[in-house]
Every structure is written in structure tokens, then in C-alpha cells.
Amino acid sequence: MTVEQAIHPKLSVRGATKVYNTRSGDLLAIDRCSVDVLDGEIVSIVGPSGCGKTTLLWSMSGLHGLSAGEVLLDGKPVTGPNPDISMVFQNANLLPWRNLDANINFPFEIKGIKPDRIWIDELLNRVGLEGFGNRFPGELSGGMQQRAALVRALSFKPSVLLMDEPFGALDSFTREEMNRLVEEIWLDTKTTIVLITHSIEEAIFLSDRVVVMSPRPGRVANIHTVPFARPRSMEIMATKEVFDLTNAIKQEIVGNQQSRYPADRAAAPSQSVQTAAQ
Ligand SMILES: Nc1ncnc2c1ncn2[C@@H]1O[C@H](COP(=O)(O)OP(=O)(O)OP(=O)(O)O)[C@@H](O)[C@H]1O
């Protein structure tokens with residue numbers, strides 16, 4: 001990390017708090033989460049189901065407002081959709097009646113801007129989808145669809161890519177391939193990436209740092225630095241360092257879950273707000 005990167009993080013989340021108004025009352029999803037993501041960093045967010053990972057990621061995108069706190073991109077508040085921030089979801093969300101090229105062009109058509117075809121062809125080539133432009137989503141495997149979604153997200157040359165459990169629906173072999181692909185693309189573009197994953201191994205393989213969240217209401221429980229140089233190989237995943245780090249993170253998630261009830265009661269900001277204990 002350079003001093004410049006540390007002083008001027010790419011993305012800053014400060015005291016992010018989100019209360020959902022539900023039929024059964026207010027629900028505190030995330031509580032005073034703060035994290036800085038440096039320019040060109042890959043950061044993963046892990047934590048138990050329902051702890052608020054998606055809520056946190058969507059707040060970073062500007063698509064969901066916060067109840068308190070703020071998100072800054074290059075020091076400026078993110079208050080709505082931002083052309084510099086792209087998202088990839090667990091489902092590729094390709095339009096079934098449009099072929100691959102037309103799917104990738106779709107957001108450009110909506111915005112009324114011309115796509116950079118040279119860049120898009122480069123990306124398609126990079127992810128192994130060159131020559132598939134005329135195929136329809138139904139003719140592509142799940143992995144191919146997800147690679148197309150990655151191309152679509154990167155076609156705008158965003159400086160930040162947010163990924164919400166992007167490979168969760170893929171088999172483990174395809175998932176490993178996708179992890180290698182993301183690293184290759186990152187080596188080319190140095191795009192800042194924030195990724196939600198349920199796989200601690202995936203988080204370690206891909207990330208510079210892993211953020212561990214507590215059970216709901218989600219708080220930043222710990223942040224681990226992953227000390228391996230890039231490009232990483234799958235062989236490092238069999239090393240003792242990775243084994244120990246994986247176990248440490250798992251223990252934290254399990255330990256946090258076991259202690260959530262007393263912690264929630266002690267730290268609930270208001271009696272009218274639901275926490276995981278309720
Ligand atoms: N739109 C919403 N309205 C009301 N409650 C919501 C809404 N979105 C999320 N929640 C609640 O907020 C909490 C956090 O949800 P969120 O999806 O952010 O967690 P998560 O960690 O991403 O979960 P998972 O790992 O299971 O995908 C959950 O209790 C969820 O039920």
C-alpha cells in the first residue's frame with residue numbers, strides 16, 4: 001500500500017447504518033460499518049447469512065440509500081447510480097430474447113451512448129467468448145453467461161466493480177476458472193473490486209483484504225490482510241498459511257454467531273429496532 005493510496009482511498013464507507021422499515025417494525029441490517037477500499041485493491045466481504053453483506057454492497061453502489069453514514073468515491077459522496085461503479089450479481093440477468101452482443105449493447109442503448117466495440121471485443125476475447133456474439137443466453141452455459149455479465153459490467157470501464165456472490169451458482173471447477181479470470185482481468189485493468197462471497201477460499205484467493213462481518217446487525221468484526229503475491233496459483237490454496245487463515249476466518253464467523261445474542265442486546269441502538277435476537 002502506498003501512502004497516496006492510504007490517504008486517498010478509492011471508496012470509503014463511513015459509519016454505514018441501514019434500517020429497513022418492515023411490516024413487523026424497523027430492522028437494523030447494518031450498524032456503523034466503516035471500511036476504506038484502496039485504489040486497485042480487491043476486498044472481499046464475508047460473514048454469516050443475513051448479516052448485511054448485500055445491504056453494505058448495494059449502499060456502495062449508490063443504488064440503496066443509507067439511514068446514516070456515507071459512501072465516498074474519490075472523496076465525493078455517492079448518492080445514486082454512478083457511471084464509475086459497475087455491479088455483477090449472482091444471476092447474469094441477461095435478456096433471453098437478445099443475443100450476447102445485443103445484451104452487452106443494451107445499457108449503452110438505454111444511456112444513449114456509443115459502446116467502445118474495440119474494448120468490448122478485447123474483453124470478450126479475454127473471457128473466451130469471442131465469436132459468441134450471435135448466441136442467445138439460453139445457448140450459453142452458466143459460466144459463459146456469468147463471463148458475459150462480467151464483460152457487460154466492465155464494458156463501461158468502471159473504476160470500481162462490485163460483485164454480489166457472482167459465482168455462487170456455478171460448480172466448483174467453473175468457479176475456480178472464474179476466479180483465475182477475475183485475477184487476470186484485474187492484472188490488466190487494476191480495477192478496484194469489492195466482492196461478496198460465501199466461500200472463504202474464494203475470498204482468500206482473490207483478495208488483498210478480507211472483511212469479516214458480525215451477524216446482524218452487521219458490523220465490521222475484523223479485517224484480514226492476505227499476504228500472497230499475484231498472480232496467485234491454485235497451489236497456494238494448499239499451503240499451511242492459507243489453511244490457517246481460512247480457519248481463523250471460519251472461527252471468527254462461527255464465534256461471532258455463537259455470541260450474537262448478548263452482543264446484539266448490549267449494542268442495539270434503540271428498543272424499537274429489530275436485531276438478530278428478535
Ligand atoms: N429490502 C429489504 N427490506 C427489509 N429487510 C431487508 C431488505 N433487504 C434485506 N433485508 C434484511 O436485512 C438483513 C440483511 O440482509 P442482506 O441481504 O443484506 O444480508 P446478506 O448478508 O447479504 O445475506 P445472505 O448472505 O443470506 O445473502 C436480513 O435480515 C434481511 O432479511
statement: Filtering segment 52-101 down to residues that are in a loop (DSSP other than H, G, I, E, B) and of a type in the set (Ser, Thr, Tyr) yields Ser67, Thr79
Selection from segment 193-236 of residues that are within 21 Å of Val254 (Cα to Cα) and open to solvent by 20 Å² or more (accessible area, probe 1.4 Å): His198, Ser199, Glu201, Arg209, Arg216, Arg219, Val220, Ala221, Asn222, Ile223, His224, Thr225
- prompt: Quick one: in segment 71-80, which of the residues that are open to solvent by 50 Å² or more (accessible area, probe 1.4 Å) and out of contact with any Gly (no Cβ under 8 Å at 6 or more places or on another chain) is nearest to the ligand (Cβ to nearest atom)?
  reply: Pro77
Residues being within 15 Å of the ligand (Cβ to nearest atom), open to solvent by 30 Å² or more (accessible area, probe 1.4 Å) and either without any contact (Cβ under 8 Å) to a residue 24 or more places away in the chain or closer than 21 Å to Leu162 by Cβ (or both) - total across segment 5-31: 4
- request: List every residue pair whose Cβ atoms lie under 9 Å apart, where the two residues are 6 or more positions apart in sequence or sit on different chains, the first residue falls within segment 205-218 and is at negative phi and free of Cβ contacts under 8 Å to residues at least 40 places away in the same chain, and the second residue, located anywhere, is within 16 Å of the ligand (Cβ to nearest atom) and not aromatic (Phe, Trp, Tyr).
  value: Phe205/Ser199
- prompt: Ala68 passes all but one of (1) open to solvent by less than 50 Å² (accessible area, probe 1.4 Å); (2) more than 16 Å from the ligand (Cβ to nearest atom); which number fails?
  reply: (2)
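Is at least one residue of segment 73-85 in contact (Cβ under 8 Å) with a residue 12 or more places away in the chain, more than 13 Å from the chain's Cα centre (by Cα) and within 28 Å of Thr246 (Cβ to Cβ)?
no
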Which numbered condition Phe173 fails, given (1) surrounded by fewer than 17 Cβ atoms within 10 Å (Cβ to Cβ); (2) aromatic (Phe, Trp, Tyr); (3) farther than 28 Å from Asp208 by Cα: (3)
Cross-chain or 6+ apart pairs with Cβ under 6 Å, segment 158-179 first and free of Cβ contacts under 8 Å to residues at least 40 places away in the same chain, then in a loop (DSSP other than H, G, I, E, B): Arg175/Phe167; Met178/Phe167
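Scan segment 45-65 for residues that are under 22 Å from His8 (Cβ atoms) and more than 8 Å from the ligand (Cβ to nearest atom) and report the count.
5
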task: Look at segment 216-236 and say how many of its residues are among the aliphatic types (A, V, I, L, M) and part of a loop (DSSP other than H, G, I, E, B).
output: 2
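The values are calculated or read from the model by the stated rules, or taken from the named source; none is laboratory data. Being a predicted model, the structure only gives us computed values, none of them experimental. Neighbour counts are summed over all protein chains in view; Cβ atoms, including those assigned to glycine, are modelled from backbone coordinates with ideal geometry. For the accessible areas, the whole protein counts, side chains as well, though only heavy atoms, and no ligand, DNA or RNA atoms are used. Shrake-Rupley method; radii C 1.70, N 1.55, O 1.52, S 1.80 Å.
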